[in-house]
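The values are calculated or read from the model by the stated rules, or taken from the named source; none is laboratory data. Since the structure is predicted, the reported quantities are computational estimates derived from the model, not experimental observations. Every residue, glycine among them, receives a Cβ derived from its backbone with ideal geometry; neighbour counts consider all protein chains shown. Heads up: the accessible areas ignore ligands, DNA and RNA and are worked out on the full protein's heavy atoms, side chains in. Shrake-Rupley method; radii C 1.70, N 1.55, O 1.52, S 1.80 Å.
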Amino acid sequence: MVTLISFLAVLLIFFSIDVRSRDTAATKPWHGHLFEWASRIGGIATAVSLALGWVDLFLPDEGSPIHVALVAAPGSVAVLCAIVLGLEMLWQRRDSP
C-alpha cells in the first residue's frame, strides 16, 4: 500500500502541474477539451484514491472499513487519465520549422 500511495502522490503532482498549465479557452477543438477534462478527472480520482489509501494505512488491518477496491478503482481511473495525457504528446505534436 505504501508503494501505491507513493505512486499516487507522484501522479497528483503531475496532474496539478498539468491542470495549472492549461488555458480554458472556449474555442478549442474537441481533443483540447478531452485532454483538459482528462487532467481534471485524473487529478480528482488521484486525490480520492490517495486520501483513502492514506487513511487505510493507519487503520488496523482486521475489519478495515476501506476495501482495497475503494483505493484501486479511482486509482485505475487516474492511471487511465495519465495514459490519455501521454497520448496527448503524440496528438499535439508540433512540426518544427
Conditions (1) closer than 12 Å to Leu85 by Cβ; (2) open to solvent by 40 Å² or more (accessible area, probe 1.4 Å); (3) in a helix (DSSP H, G or I): number failed by Arg22: (3)
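Would you mention how many residues in region 69-97 are modelled with pLDDT under 85 and not aromatic (Phe, Trp, Tyr)? Show your work before the answer.
Looking only at region 69-97, we keep the residues that are modelled with pLDDT under 85, and these are 88-97.
Restricting the remaining residues to those that are not aromatic (Phe, Trp, Tyr) gives 88-90, 92-97.
Number of matching residues: 9.
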Residues located in region 28-63, provided they are surrounded by 12 or more Cβ atoms within 10 Å (Cβ to Cβ) and outside any helix (DSSP H, G or I): Lys28
Selection count, region 64-83, where residues are within 10 Å of the chain's Cα centre (by Cα) and either open to solvent by 40 Å² or more (accessible area, probe 1.4 Å) or farther than 14 Å from Ala47 by Cα (or both): 5
Filter result for Leu8 (in contact with a helix residue (DSSP H, G or I) (Cβ under 7 Å, 6 or more places away or on another chain) and surrounded by 11 or more Cβ atoms within 10 Å (Cβ to Cβ)): yes
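What do you reckon, is Ile5 free of Cβ contacts under 8 Å to residues at least 40 places away in the same chain and within 15 Å of the chain's Cα centre (by Cα)? Give the derivation first.
Values: free of Cβ contacts under 8 Å to residues at least 40 places away in the same chain: no; within 15 Å of the chain's Cα centre (by Cα): yes.
No.
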